[in-house]
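Enquirer: Got a structure for you, questions after.
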Amino acid sequence: MLEKTVVCTTCPLECTLKLTINNDAIESISGNKCSRGIDYAKLEFIDPQRIFTSTLLIKDNNKESLLPIRSSKPISQKLFKEIIEIVNKTEVSPPIKMGDIIINNILNSEINIVASRTIIKL
Ligand code: SF4
């Protein structure tokens, strides 16, 4: 039997959840102050979700820079490698506003990759 500690980030209380794992399955979850913690712990065990952050190339005539980007919602960490491959092949040009969708519905996840910064010109 294994024990794993996970911090629930669903609300500001940030409960510390303790999972006991037996034969690759969750046997028990404790430390949650509400039922949402159970759902969080299960998802964290099966398929952890995180906000993806990176940069991509922004080009304006002969000038180049990097545009910070992020996913619009937490997304499966299992997809990060494929997302990085797509991001590395993507270029944009100004003007870009913070929140602009750079890549729509990436990998059919219904999550967008958006600009984290406004760049009007290089
Ligand atoms: S278990 Fe419930 S109360 Fe605790 S952090 Fe998660 S959502 Fe908030």
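Enquirer: So, of the residues in segment 30-46 that are within 11 Å of the ligand (Cβ to nearest atom) and open to solvent by 70 Å² or more (accessible area, probe 1.4 Å), which turns out to be nearest to the chain's Cα centre (by Cα)?
Expert: Per the stated criteria, the residue is 39.
Enquirer: Restricting attention to segment 1-29, and to residues there that are within 8 Å of the ligand (Cβ to nearest atom) and farther than 14 Å from residue 48 by Cβ, which single residue is least open to solvent (accessible area, probe 1.4 Å)?
Expert: Per the criteria, the residue is 15.
Enquirer: Turning to a different aspect of this structure: State which residue pairs qualify: first residue under 15 Å from residue 119 (Cβ atoms) and inside segment 95-107, second residue of a type in the set (A, V, I, L, M) and assigned to a loop (DSSP other than H, G, I, E, B) in any location, beta carbons under 6 Å apart, and separation of 6 or more residues or different chains.
Expert: Going by the 6 Å Cβ cut-off, the qualifying pairs are 95/120.
Enquirer: Those residues that are without any contact (Cβ under 8 Å) to a residue 40 or more places away in the chain and either within 30 Å of residue 94 (Cα to Cα) or within 16 Å of the ligand (Cβ to nearest atom) (or both), I need them from segment 47-58; list them, please.
Expert: Of segment 47-58, the ones without any contact (Cβ under 8 Å) to a residue 40 or more places away in the chain are 47-51, 54-55, 57.
If the condition is that a residue be without any contact (Cβ under 8 Å) to a residue 40 or more places away in the chain and either within 30 Å of residue 94 (Cα to Cα) or within 16 Å of the ligand (Cβ to nearest atom) (or both), then 48, 49, 50, 51, 54, 55, 57 are the ones that fit.
Enquirer: For segment 96-103, check the following and say yes or no: at least one residue is part of a loop (DSSP other than H, G, I, E, B), basic (Lys, Arg) and in contact with a strand residue (DSSP E or B) (Cβ under 9 Å, 6 or more places away or on another chain).
Expert: Looking through segment 96-103, at least one residue is part of a loop (DSSP other than H, G, I, E, B), basic (Lys, Arg) and in contact with a strand residue (DSSP E or B) (Cβ under 9 Å, 6 or more places away or on another chain).
Enquirer: Further question on the same structure: Could you please tell me which pairs satisfy a Cβ distance under 7 Å, a separation of 6+ or placement on different chains, a first residue in segment 22-46 that is aromatic (Phe, Trp, Tyr), and a second residue that is modelled with pLDDT of 95 or more and near the ligand (Cβ under 9 Å from one of its atoms)?
Expert: 40/8
Enquirer: Still on this structure, please answer the following. Kindly indicate which of 76, 93, 109 is over 30 Å from residue 25 (Cα atoms) and either open to solvent by 30 Å² or more (accessible area, probe 1.4 Å) or among the small types (Gly, Ala, Ser) (or both). Let's see the steps before the verdict.
Expert: On the way: 76 fails: over 30 Å from residue 25 (Cα atoms); 109 fails: over 30 Å from residue 25 (Cα atoms).
The match here is 93.
The values are calculated or read from the model by the stated rules, or taken from the named source; none is laboratory data. Remember, predicted model here, so these are calculated numbers, not experimental data. Please note: Cβ atoms are built from the backbone with ideal geometry, for glycine as well, and neighbour counts cover all protein chains shown. Note: areas computed on protein heavy atoms with side chains; ligands, DNA, RNA excluded. Shrake-Rupley method; radii C 1.70, N 1.55, O 1.52, S 1.80 Å.
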